[in-house]
Ligand code: GLU
């Protein structure tokens, strides 16, 4: 599997891409801190993008709450924040290119008809008589798509077998995350995607789209995601509380400790600017563990 060369300091551009589905919680703070440090320790740029393409999941005001929390943590972005909801024309144009190249077909299946996690390709040969199109799907094939993650190591999927042809425009007319993220990372010239390992298995779909659209593939680093002892991801549903923005120091300390960069004792009650100085100086990708279990 070819290794993606590590981006040089002069070109590094990272990003944090929260969905405005609620306030920043500890899990999203980890992704923000990891992507920020990985950019800053190389003298790179760091951008923020609000991933509000999945309209029904948006919580009004959550975007401002998240941006305000990042500011209170002392995290500064290098370009104006972009919102996916303002970029629908870009997703439409990518979809048109894919469609022109024969990658896309209409699908009439409901979730119930599919009945499982892998789409069996029912509508691939064409819609059955009397069926109306609901979503649009991207063709996959059995060619394995692999990449080397900076922490998780080599990862590959046979998309046809593991995922099936996947939705790029949903039955409700909204563009799917997989397409939006690929278009956005390219338009923002992102060189390094640092995010939670819950998105590891989305990456081959994103690489498949990049190849079909003739776009460059960034370097990927999937951070460990905190799980409970049963292996379940900590999330708002499992009781992950919003981070306390009134006292960012302790939460930043905990996030750094989670990422195996525990600040020294004497910084325990230091202002966040001092924690950042220390963390930027000490950040090393190879210290980060692949996965972590924490008691809840
Ligand atoms: N918007 C996604 C989330 O909040 C992150 C997507 C990404 O980083 O690619 O989980």
Answer residue from the range 26-47, given it is in a strand (DSSP E or B) and touching a helix residue (DSSP H, G or I) at 6+ places or on another chain (Cβ under 7 Å) and is nearest to residue 292 (Cα to Cα) among those: 46
Strands (runs of 3 or more DSSP E) contained entirely in the range 161-251, each with at least 3 residues that are under 24 Å from residue 44 (Cα atoms): 192-196, 219-223
Residues (in a loop (DSSP other than H, G, I, E, B) and loosely packed, with under 11 Cβ neighbours inside 10 Å) located in the range 95-142: 102, 115, 116, 117, 125, 126, 128, 129, 130, 132, 142
Any hit, the range 148-165, residues being surrounded by 15 or more Cβ atoms within 10 Å (Cβ to Cβ), under 24 Å from residue 53 (Cβ atoms) and within 15 Å of the ligand (Cβ to nearest atom): no
Any hit, the range 12-26, residues being touching a residue at least 24 places away in the same chain (Cβ under 8 Å), farther than 17 Å from residue 190 by Cβ and more than 13 Å from the ligand (Cβ to nearest atom): yes
Counted residues, the range 78-94 - those being in a helix (DSSP H, G or I) and touching a helix residue (DSSP H, G or I) at 6+ places or on another chain (Cβ under 7 Å): 4
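Bear in mind that the values in this text are calculations on the coordinates, not laboratory data. Keep in mind that what you see is a predicted model, and the values were worked out from it rather than measured. As a convention, Cβ positions derive from the backbone with ideal geometry for all residues, glycine included, and neighbour counts pool all protein chains shown.
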